[in-house]
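Novice: Before I ask anything, let me first share the structure, which is written out below as structure tokens.
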Amino acid sequence: MISPQVLPDKKVTFRYLARSAKEVKLGGSQFGAANVPMIKDSMGIWSVTVGPIRPDIYPYSFIVDGVTVMDPANEDYFPNERFKASLVDVTGFTPTVHAMQDVPHGSVNYEYYPSVQGTTGSLVIYTPPGYDKEASKKYPVFYLISGTTDTEETWFKVGRTNLILDNLIAEGKAKPMIIVMPYGNIEARIAAQKGGAKPADPMGRESADAMRRMRGFEEDMIKNIIPYVDKNYRTIANKDNRAIGGFSRGGGQTLRTAFWNMDKFSWICCYSAYLPPAEMDSAFKSVVENPDATNKQLKMLWVSIGNEDFLYNDTAAFLNYLASKKINYKSLVTGGGHTWMNTKVFLAETAQLLFK
């Protein structure tokens, strides 16, 4: 049984074996197929064909008698702390920027580093094509953080960071760089390794608990992750060759970590996130009160958002605030919402600007 099956016209057939089920639906809201009834054949296989679907990578699931499940016929899934949806890759008529193409490929390594409270942290690290062959060459580093409930694997397995960079580097559009993808939820890792219960998400993006966790991530990044990477990889270990970026919660972690450490990063890439003007005024006075110095310190401050994103209005207010303070930035507003389809667009655009 094949599921999912992407057809030449970009329609997709989904199948699920459940002989005794009374009802099975397809949960594919991100490609316009939310709760679509499936039809059962004489073998007990439920199926439905939807689309055509715009080429991209999408999460989906099945709802079997009211219970949401993954697709057992599909090995590709969305890394997440909670429900792990299956993934369907609808390939383009011409290769997309995140598609596997016939170009030189970099490597993806899983690394473990000594972290806070005696725990072991985890990283996914991309090294560009040629890294292992040119033993003396050093590279700039992009620290790339995923969102709430995502893991260190999400930028790799859903964002296809390695393939995007492989393709852009092969075309001469991006400089070869190392990309470090950390896990953003340190409290959850501490609980898991010390036998505790996973803490609930903070109540509010700017709550005291959320800020405490932001500071915890920042400390781990500055004191543990960057020193580990600089020690074990051939990095150009200075601020002009160090970038930080992130999606959603990772975008908030990006802005705060960078603004707290203006001596560490010259490139900031915020995807689908913002900081409230009141927080900028109170917590980052040195950044906003001397825009000339800030603009000299930063090679790029990038903010991107989809116009259907639930954070669009807050992000627009943040951009207007930066403009009012005469802080230079680049921005991109796309269609779509708070999705991993957009993150690939944002990454592909910013990767072409970094370290140039």
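Novice: Condition (residue is open to solvent by 20 Å² or more (accessible area, probe 1.4 Å), over 13 Å from residue 327 (Cβ atoms) and either of a type in the set (Lys, Arg) or part of a helix (DSSP H, G or I) (or both)) applied to segment 254-262: is it met by at least one residue?
Specialist: Yes, there is a match, as at least one residue in segment 254-262 is open to solvent by 20 Å² or more (accessible area, probe 1.4 Å), over 13 Å from residue 327 (Cβ atoms) and either of a type in the set (Lys, Arg) or part of a helix (DSSP H, G or I) (or both).
Novice: Please go through segment 26-64 and give me each residue that is charged (D, E, K, R), surrounded by 12 or more Cβ atoms within 10 Å (Cβ to Cβ) and either without any contact (Cβ under 8 Å) to a residue 24 or more places away in the chain or farther than 25 Å from residue 154 by Cβ (or both), ordered by number.
Specialist: Hit for segment 26-64 is 40, nothing else.
Novice: Select, from 303, 345, 333, the only residue that is within 20 Å of residue 96 (Cα to Cα), of a type in the set (A, V, I, L, M) and not in a helix (DSSP H, G or I).
Specialist: Going through 303, 345, 333 in turn, the sole match is 333.
Novice: Turning to a different aspect of this structure: When only residues in segment 189-202 that are in a loop (DSSP other than H, G, I, E, B) and free of Cβ contacts under 8 Å to residues at least 12 places away in the same chain count, which is surrounded by the most Cβ atoms within 10 Å (Cβ to Cβ)?
Specialist: Per the criteria, the residue is 202.
Novice: May I pose another question? Select, from 60, 77, the only residue that is of a type in the set (Ser, Thr, Tyr) and within 17 Å of the chain's Cα centre (by Cα). Before the answer, list the steps.
Specialist: Working: 60 fails: within 17 Å of the chain's Cα centre (by Cα).
The match here is 77.
Novice: Kindly indicate whether any position in segment 152-168 is at pLDDT 85 or above and of a type in the set (Ser, Thr, Tyr).
Specialist: yes
Novice: From 179, 186, 169, 164, which residue is over 30 Å from residue 100 (Cα atoms) and crowded, with 19+ Cβ neighbours inside 10 Å?
Specialist: It is 186.
Novice: Keeping to segment 308-332, report how many residues are under 16 Å from residue 248 (Cβ atoms) and either at pLDDT below 95 or open to solvent by 80 Å² or more (accessible area, probe 1.4 Å) (or both).
Specialist: 3
Novice: How many residues does segment 125-151 contain that are in contact with a Pro (Cβ under 8 Å, 6 or more places away or on another chain) and either free of Cβ contacts under 8 Å to residues at least 60 places away in the same chain or not in a loop (DSSP other than H, G, I, E, B) (or both)?
Specialist: Within segment 125-151, residues that are in contact with a Pro (Cβ under 8 Å, 6 or more places away or on another chain) and either free of Cβ contacts under 8 Å to residues at least 60 places away in the same chain or not in a loop (DSSP other than H, G, I, E, B) (or both) number 6.
Novice: Count, please, the residues in segment 152-161 that happen to be open to solvent by 10 Å² or more (accessible area, probe 1.4 Å) and part of a loop (DSSP other than H, G, I, E, B).
Specialist: Result for segment 152-161: 3.
Novice: So in segment 108-151, with the set limited to residues that are modelled with pLDDT of 95 or more and either among the acidic types (Asp, Glu) or open to solvent by 40 Å² or more (accessible area, probe 1.4 Å) (or both), which one is farthest from residue 246 (Cα to Cα)?
Specialist: Filtering first and then ranking leaves 137.
Novice: Collect the residues in segment 1-48 that are under 23 Å from residue 335 (Cα atoms) and assigned to a loop (DSSP other than H, G, I, E, B), keeping them in residue-number order.
Specialist: 10, 11, 32
Novice: Name the pairs: first residue in segment 320-340 and within 13 Å of residue 272 (Cβ to Cβ), second residue open to solvent by less than 80 Å² (accessible area, probe 1.4 Å) and of a type in the set (A, V, I, L, M), Cβ to Cβ under 7 Å, at least 6 apart or on different chains?
Specialist: Correct list of pairs: 331/303; 331/319; 333/305; 334/345; 338/311; 340/158.
The values are calculated or read from the model by the stated rules, or taken from the named source; none is laboratory data. Computed from a predicted model, the values in this text were never measured in an experiment. So basically every Cβ, Gly included, is an ideal-geometry build from the backbone, and we count neighbours across all protein chains shown. Remember, those area values only see protein heavy atoms, side chains included, never the ligands or the DNA or RNA. Shrake-Rupley method; radii C 1.70, N 1.55, O 1.52, S 1.80 Å.
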